[in-house]
Amino acid sequence: MTEDASRERQRRWRLALGGEADESLGRAAAGKDGAMDAALAALYDGGDSGSGSAKQRSAGLGSSAPKVARWLGDIREYFPSTVVQVMQADAIERLDLTRLLLEPEMLAAVEPDVHLVGTLLSLNRVMPDATKQAARQVVRTVVEQLERRITQQTRSAVTGALNRASRINRPRHADIDWDRTIRANLKHYQAEHRTVIPERLIGYGRRTTAVQRDVVLCVDQSGSMAASVVFSGVFAAVLASMRSLRTSLVVFDTSVVDLTPVLNDPVEVLFGTQLGGGTDINRAMAYSQQLITRPRDSIFVLISDLYEGGVRDEMLRRAAEMKAAGVQVVALLALSDEGAPTYDHENAAALAALGVPAFACTPDAFPELMAAAIERRDLMAFAARM
């Protein structure tokens, strides 16, 4: 190993281990490394391990808003944004900085991300008026980032699925689905001519402007679903912008709120939610059933960890009724990048026994899920792939 490589390796170990490694490594952090070390120490050397011996590398962040604001500025200067987001989330959890987010100057210093939006939404009802404008700007920044990420993919997947689902038997030449037409007419293969003579043409009905599918997103507002609420709100707004879909958004805890009238503004949608509280899935499904007037042309997406505080048997009965009526029903345990969450395994298994898949879905996979539901593909098989 070269001398430069050895020094770099020693430097990295020093930043990872902190001041207690000065003696063993024979060096103290200085310059930019010293500033990075202080920022890390303020967050991670708080002595919260229960040993009773708090480290002395830093005085910590405490509850001082100016000190926290400076710290937020430091980490944004010294670390990439992905690391900053992790450190912000850790600071909120480890150092109980939630109340400081109610101060406008604090919000101006943070790195906007989905988890921060979830925290702000949980504070929505107690947020002073002086802070709300700054909070809205943070939420709008994240919403715009998510829209850039998901809009084109969602529109493309849904439009393609609607086109394939609305096949017609007398298509114009440009609208013929040659793959399906050939497969449907293989029995008419003419060996002497080495070709298929199609008896029936299959094409796409591309020019209809009528509403082709009704979509109901029913979203659990319990605290564990924060990231899912954010993604659901943005997806609902994107789907609502498509004239071929009639999209409804229902959010619930122990009460039910229909946010469909504000789907034109995803920021208003998110501020219409209230994270935390109990969970009554049955009540939310009862309301959602009233919105379904064309069962065979409807898609019902329940986004919940399935911990039911209401009447479990009624919840399962409603799911069975929707399935029997022809509704495409799916339960998403999460709609986020965080992977499989903690969820009620018994209720998930009961839904699966009814033919309702229950699985965690990433935002990148959600457009494909909607396409599969529109085309009435096997959603249980789709869930198995996930």
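Computed from the coordinates by the stated procedures, all read-outs in this text should not be read as laboratory data. The shown structure was predicted, so the numbers you read here are calculated from the model rather than taken from an experiment. Every residue, glycine as well, gets a Cβ built from its backbone with ideal geometry; the counts of neighbours run over all protein chains shown.
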Original post:
Taking neighbour Cβ counts within 10 Å as the exposure measure, how do 178, 71 sort from fewest upward?
Top reply: 178, 71
Subject >> region 277-345: GluC sites (Glu not before Pro) in DSSP loop, at most 15 other beta carbons within 10 Å >> reply: 338
Subject >> Zero-based 10 Å bins, Cα pair distances in region 219-357, whole percents >> reply: 12, 45, 37, 6
Original post:
Using a ≥ b ≥ c from the Cα gyration tensor of region 294-379 (square roots of the eigenvalues), is it rounded, prolate or oblate, where a/c under 1.5 gives rounded and otherwise the larger of a/b and b/c decides, a/b for prolate?
Top reply: oblate
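Between residue 290 and residue 108, 0.36 nm times their residue separation minus their Cα-Cα distance comes to what?
Numbers: separation 182, 0.36 × 182 = 65.52 nm, distance 4.27 nm.
Working it through step by step, the gained length comes to 61.2 nm.
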Original post:
Where the only charges are on Cβ atoms (+1 Lys, Arg; -1 Asp, Glu), what is the dipole of region 325-380 about its Cα centre, to the nearest 20 debye?
Top reply: 240
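What FRET efficiency comes out for residue 130 versus residue 81 if R0 is 45 angstrom and r is the Cβ-Cβ distance? Round to the nearest 0.05.
Computed FRET efficiency for residue 130 and residue 81 comes out at 0.95.
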Original post:
What is the distance in Å between the Cα centres of region 318-386 and region 263-291?
Top reply: 18
